[in-house]
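Notes follow once the structure below has been shown.
The values are calculated or read from the model by the stated rules, or taken from the named source; none is laboratory data. Owing to the predicted nature of the structure, the values given are computational and were not obtained by experimental measurement. Cβ placement follows ideal geometry from the backbone for every residue including glycine, while neighbour counts extend to all protein chains displayed. Side chains included, ligands, DNA and RNA excluded: accessible areas come from the protein's heavy atoms. Shrake-Rupley method; radii C 1.70, N 1.55, O 1.52, S 1.80 Å.
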Amino acid sequence: MAAVTSVSFSAISQSSSDRRAFCTVARNLGFEGSRFRSSFSCHYVGVRSSNSTSHVPPTVADTKLNFLKAYKRPIPSIYNTVLQELIVQQHLMKYKKTFRYDPVFGLGFVTVFDQLMEGYPSDEDREAIFQAYIKALEEDPEQYRIDAKKLEEWARAQTPSSLVDFSSREGEIEGTLKDIAERVASGNFSYSRFFAVGLFRLLELSNASEPTVLEKLCSALNINKRSVDRDLDVYRGLLSKLVQARELLKEYVDREKKKQEERAESQKASETVTKCLGEPQFVGQ
């Protein structure tokens, strides 16, 4: 197992084509990319998120440093590039005036993270990276996982009609969705692609395949459906690219593993020959 992990890390770090594919995924899931960063920068200093405990928010560099302190093991560059892009974007999002964490956002992030990190050489390391990532943003990784699980379980128990009719019922998840709808209506809501992915996951788990279901859900939440449609189109395309990137990555890792095994066998054979030649030879008289 250790040998396979070693090969995987080496291969991932060197596979430039796979790295480009994953970087494309990161940029497209990175909300508004460089345009977002440039438009946000003039408003950044002094802005607090609703759940920030300090008057002046940490800088992007602070957040990235927190991540590096929390997870000190090397991360293959193909994954690390994606994570660095996402953590910068999520940092900037968090400190927007209207941002407030909600479980749908949490579900969206967990979905994206798990799909991006699928195939990581170590399941234990993958979860440790998740923990470090969320803690670097001064948030609770357990809350993300718990909220995602609750929403997934709730969605599996829904029908398409009950999903969009949440406002007429009582319950924890229903209350969460009502609160989101109220905040959107009052202009105190920060929409993101993570939120759109969270909605997509709810639709997926409730087997709501009809386009009208999404339209009704967006209407019930007071969300602009055109934004959701656009972001979900991007997301669906990225899922396909992720599959292709992982297939390329697996092929590369398999090749490198085979090469490593062949080199090890060759070295072993060479050492055997050397050992035999180095032994004393006795010639009978």
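Is it the case, given these coordinates, that Arg236 is in a helix (DSSP H, G or I), under 23 Å from Val164 (Cα atoms) and free of Cβ contacts under 8 Å to residues at least 24 places away in the same chain?
When the stated conditions are applied, Arg236 passes them.
Would it be correct to say that Glu142 is within 28 Å of Gln244 (Cβ to Cβ) and open to solvent by 40 Å² or more (accessible area, probe 1.4 Å)?
So Glu142 does not fit the description; no.
Condition test on Glu182, is it outside any helix (DSSP H, G or I), more than 19 Å from the chain's Cα centre (by Cα) and among the acidic types (Asp, Glu)?
no
Taking the condition among the charged types (D, E, K, R) and modelled with pLDDT under 85, does Glu261 pass?
It is false that Glu261 is among the charged types (D, E, K, R) and modelled with pLDDT under 85.
Just a yes or no: is a residue in segment 70-93 surrounded by 20 or more Cβ atoms within 10 Å (Cβ to Cβ) and either among the basic types (Lys, Arg) or without any contact (Cβ under 8 Å) to a residue 40 or more places away in the chain (or both)?
no
Would a scan of segment 149-172 turn up a residue that is modelled with pLDDT of 95 or more, under 15 Å from Phe105 (Cβ atoms) and touching a Gly at 6+ places or on another chain (Cβ under 9 Å)?
Yes; the residues of segment 149-172 include at least one that is modelled with pLDDT of 95 or more, under 15 Å from Phe105 (Cβ atoms) and touching a Gly at 6+ places or on another chain (Cβ under 9 Å).
So which residues in segment 116-150 are within 22 Å of Lys94 (Cβ to Cβ), in a loop (DSSP other than H, G, I, E, B) and touching a residue at least 40 places away in the same chain (Cβ under 8 Å)?
Correct list: Leu137, Glu138, Glu139.
Can you pull out the residues in segment 166-178 that are surrounded by 13 or more Cβ atoms within 10 Å (Cβ to Cβ) and in contact (Cβ under 8 Å) with a residue 40 or more places away in the chain?
Matches in segment 166-178: Phe166, Ile173, Thr176, Leu177.
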